[in-house]
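The numbers here are math on the coordinates, done by the rules we state, and not lab data. Because the structure is a prediction, the values reported are computed rather than measured. Cβ: placed from backbone, ideal geometry, glycine included. Neighbour counts: every protein chain shown.
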Amino acid sequence: MFDPLLLLPDLLLIVCGYLICRFTPLDRPIWDGAEKLVYYVLFPALLFTSIVRNPQRPGDLLPLAGSGVAVVLLGVALAYALARWPGVDPRLHASGAQTAFRFNSYVALALAERLAGTQGLAWIALIMSLCVPLCNVAAVWPLARHGGHGYARELLRNPLMVATAAGLAFNLLGLTLPELAMQTGARVGLAALPLGLMAVGAGLRLGALREAPGLATALLAIRHAVLPLAA
């Protein structure tokens, strides 16, 4: 049976990051650099090596991929349906709707590794490769229609997606890397999970919840209650 205590070390790392950033000299500028290191180097190495070490047949992945996409689309639909509720501030809704369906990749990767090891990392990498573009497009769509930004190009340059696509391509083509390279990549990736979770904690901003508590409660209920049940 699933034991919630399995997640406690990861939650404590988030709390540590929050406390260190708020109450020590290791404040925001240091964590900005740490986040870039995790995003551009550590997590891509972790994703690539996890996928290459755990090859999957495309047919076996279809149910998982379809389920992930379906859950995200449900979250998008429910989040934007809240805009029709009486009394909802359109400005606050536009900026906060993504809370209901976007997920933190750092937390997702850490929990997947904690619950299912390297195989879990390979699975969550597949879900990310499909769902991150959906989440990003849904989050910026109201602005994208008017801003003319090259969002498709930015998605293609996302290092997490590039690492996932490269790992899947290696699997499909039957390619391999020397064991020394795989071990080095795996060791680099080991630093990604603790540092990434602490960076999540350092970036927490709790004050915004006070601006629209009703809307915040509804969005968080979708994220933490409705979508898990649907999944």
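Along each of the three principal axes of the Cα atoms of region 167-231, give the extent in whole Å, ordering the values from largest to smallest.
54, 30, 15
Going out from 0 in 10 Å bins, what whole percent of all Cα-Cα distances in region 25-68 drops into each bin?
Percent of Cα pairs in each bin: 22, 29, 27, 16, 6, 0.
For Cα extents along the principal axes in Å, pick the label among (i) 49, 35, 32; (ii) 80, 37, 31; (iii) 59, 46, 45 that corresponds to the value derived from the coordinates.
Entry (iii).
Less than 15 Å Cβ to Cβ from I127, Lys/Arg counted +1 and Asp/Glu -1: what total charge do the surrounding residues give?
It works out to a net charge of -1.
May I have the convex hull volume per residue, in Å³, for the Cα set of region 41-142?
Cα convex hull per residue, to the nearest whole number: 108 Å³.
Nearest 10 degrees is fine. How inclined is helix 179-190 to the longest principal axis of the chain, computing both from alpha carbons?
Value to nearest ten degrees: 30.
Consider all pairwise Cα distances in region 1-43 and report the whole-number % of them above 12 Å.
68
Positive end of the charge dipole of the chain (Lys, Arg +1 and Asp, Glu -1 on Cβ, about the Cα centre): tell me which of T184, A163, V88 has its Cα farthest that way.
Sorting the options by dipole projection puts first V88.
Using the Cβ atoms and a cut-off under 13 Å, what net charge is assigned to the surroundings of N104, where Lys and Arg are +1 and Asp and Glu are -1?
Surrounding charge for N104 is 0.
At a threshold of 8 angstrom on Cα-Cα distance, excluding pairs fewer than six apart, so keeping six or more, what relative contact order does the chain reach in percent?
44
Given the peptides 190-197, 92-99, arrange them by the average over their residues of other C-beta atoms within 10 Å, most packed first.
Put in order of decreasing packing, that is 190-197, 92-99.
For the chain, with only Lys/Arg (+1) and Asp/Glu (-1) charged at the beta-carbon, what is the dipole magnitude about the Cα centre, in debye rounded to 20?
Rounded to the nearest 20 debye, it is 420 debye.
Tell me the Kirkwood hydrodynamic radius of region 1-82 in angstroms, computed as one over the mean inverse distance between distinct C-alpha pairs.
Computed over region 1-82, the radius equals 16.9 Å.
Rank-order 27-34, 12-19, 125-132 by packing density, defined as the average count of other C-beta atoms within 10 Å over each peptide's residues, highest first.
125-132, 12-19, 27-34
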